[in-house]
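Encoded as structure tokens, the structure appears first; notes follow it.
Rule-based calculations on the coordinates, nothing more; no lab input. For clarity, every value in this text was computed on a predicted model and none was experimentally measured.
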Amino acid sequence: MSAHLTHEELTDNLLGVSSLTVNAHLLSCPACVSELEKMKSSISAFRGAAHGWSENALAADHKVPVIHRFPKRSWSANWLLAASSMVLVAIALTLYLRDYETPNPTSAVQPAAPVTKIDAAGSQNAGAQIERDNELLSQVDSELAEAVPAPMQPLRLMDSTASSVSTTK
């Protein structure tokens, strides 16, 4: 073979992808062997420089410790901070308990005013009021006894018409 190997063929040989013709040429051509050795030494030098640089960078990172600290405070500042925190907690607790106090049931119920004399007109008004109250209570009882609340009655009607339509089909 009179021609020398190309850089692609030499690179393939360095990567371990060589052919029989390239190996046969390297056995017979000292110029190509020399070029292959130069490429190997260049790659080795680059590898050594890269390793050296990374080791130096790693060593430099370990020399400068990174410590995140809060600024130092005096003991009086610490005590002041603790005392103010305790005061804020006490105020918040007081406000919380004041809002959620349970009312005294005996103080909330006012005693009924004693019934004094009722004249004939007053007794008729009282009787009419009692009848209206009883009528209202019976309406409330009937609404409570219903299975479907009054606001949902239209839905019940829609449901009954839908079920009657589905049963007729």
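Please list the non-local residues whose amide H lies under 5 Å from the amide H of SER18, H modeled 1.01 Å from N, same-chain partners needing a gap of 5 or more. Under 5 Å from the amide H of SER18 lies no amide H from a residue far enough along the sequence or on another chain. Phi angles across segment 90-98 convert, under the Karplus curve 6.51 cos²θ - 1.76 cosθ + 1.60 with θ = phi - 60°, into 3J(HN,Hα) values of 5, 5, 4, 5, 5, 5, 5, 5, 5 Hz, Gly and Pro given as x.
3J(HN,Hα) couplings calculated from phi for segment 46-59 with the Karplus curve 6.51 cos²θ - 1.76 cosθ + 1.60 (θ = phi - 60°) are, in sequence order, 4, 4, x, 5, 5, 5, x, 5, 5, 5, 5, 5, 5, 5 Hz; Gly and Pro show x.
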